[in-house]
Amino acid sequence: MAKNTYQTYIQETPVDIYRADFLRRGAMCAALATRHPQLADVGAEANAIVLQIDARRTALQSAEDDQVRARAMEDIEKLDVVDVYTELRRTMSAKSYDVAKLLPDAPSTLRRLGTSNFTDRANEAVSNLRVLPENDPIRVAFLGRLEKELAEFRSADKAEDLTRVALQSGRMALTLYKSELSQAREAQLGMIHSILKDREKTALFTLPWRKPARSAEEATPEEAAEEPAAP
């Protein structure tokens, strides 16, 4: 095919642009199919790809929703741990226990910690409670409760990890899928050109897109030397 008058789509091209591009091509091919019957197949393929993109976007949205919910549950379980810890600390203080030694972290500090540090500090609090005699009223009243809430937090944390991995995989799969979309797009435009035999008309069957420009400092020497794509 001769030099294109349209832009090549790449992995950085948003999937919404790919979708609109195939949607446009499907509509145009359908409109011209009576004059150029071969365009009917191109249009049908373009429309089928739009449905594929929609299915993949729906799956990714579902994964994103799962991640949001999992994070919410993790935060709730964290709050439950902090609530028991706060009650425990106040009770120990009222009964003249050495709070600074057994539970050195203020609840507000504990609440702001990231998952890993939070788990470590909560585990340390549990360990300090276990140092107390088995019949100590504070240990009897709070150790089981704190262990239970901490176990539920760990479960929520693991569930959040799984949804995060699933989301990352979904995003990577969509990025790789763009390579397939780019190939299908080029093949369709090549077919359209072979039918219409006019580069300007062929360019109408796609949508313009430009990769966002980067500053001179960000661009590599090779990129800086490239000429801009034809409009």
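Cβ-Cβ distances below 8 Å connect the following pairs, each with a first residue in the stretch 90-112 that is assigned to a loop (DSSP other than H, G, I, E, B), a second residue that is open to solvent by less than 50 Å² (accessible area, probe 1.4 Å), and a separation of six or more residues or different chains: Lys95/Ile138; Tyr97/Ile138; Leu103/Tyr85; Leu103/Leu88; Leu103/Met92; Leu103/Ala125; Leu103/Asn128; Asp105/Ala125.
Of the set (1) touching a residue at least 12 places away in the same chain (Cβ under 8 Å); (2) open to solvent by 70 Å² or more (accessible area, probe 1.4 Å), all apply to Tyr9 but (2). In the set (1) more than 21 Å from the chain's Cα centre (by Cα); (2) closer than 30 Å to Ser155 by Cα; (3) not polar (S, T, N, Q), Val68 fails one condition alone, (1). Screening the candidates Arg139, Arg154 for the property of being in a helix (DSSP H, G or I), without any contact (Cβ under 8 Å) to a residue 12 or more places away in the chain, of a type outside the set (S, T, N, Q) and touching a helix residue (DSSP H, G or I) at 6+ places or on another chain (Cβ under 8 Å) yields one hit, Arg139.
Of all the criteria given as (1) assigned to a helix (DSSP H, G or I); (2) over 30 Å from Val131 (Cα atoms); (3) not small (Gly, Ala, Ser), the one not satisfied by His36 is (1).
Apart from one condition, Ala30 fits all of (1) small (Gly, Ala, Ser); (2) part of a helix (DSSP H, G or I); (3) modelled with pLDDT under 95; the exception is (3). Restricting attention to the stretch 31-84, report how many residues are free of Cβ contacts under 8 Å to residues at least 12 places away in the same chain, among the small types (Gly, Ala, Ser) and open to solvent by 30 Å² or more (accessible area, probe 1.4 Å). Number of matching residues: 6.
I'd like to verify a number: residues in the stretch 194-213 that are polar (S, T, N, Q) and either touching a Cys at 6+ places or on another chain (Cβ under 7 Å) or surrounded by fewer than 18 Cβ atoms within 10 Å (Cβ to Cβ) (or both), how many? Looking only at that region, the number is 1. A single entry from Arg145, Arg164 fulfils the requirement of being open to solvent by 50 Å² or more (accessible area, probe 1.4 Å), in a helix (DSSP H, G or I), under 30 Å from Arg19 (Cα atoms) and in contact (Cβ under 8 Å) with a residue 60 or more places away in the chain: Arg164.
The values are calculated or read from the model by the stated rules, or taken from the named source; none is laboratory data. Treat the numbers as computed from the prediction; the structure is a model and nothing was measured. Quick reminder, even Gly has a Cβ in these numbers, built from the backbone with ideal geometry, and neighbours come from all protein chains shown. Protein only, heavy atoms only, side chains kept; ligands, DNA and RNA dropped before computing areas. Shrake-Rupley method; radii C 1.70, N 1.55, O 1.52, S 1.80 Å.
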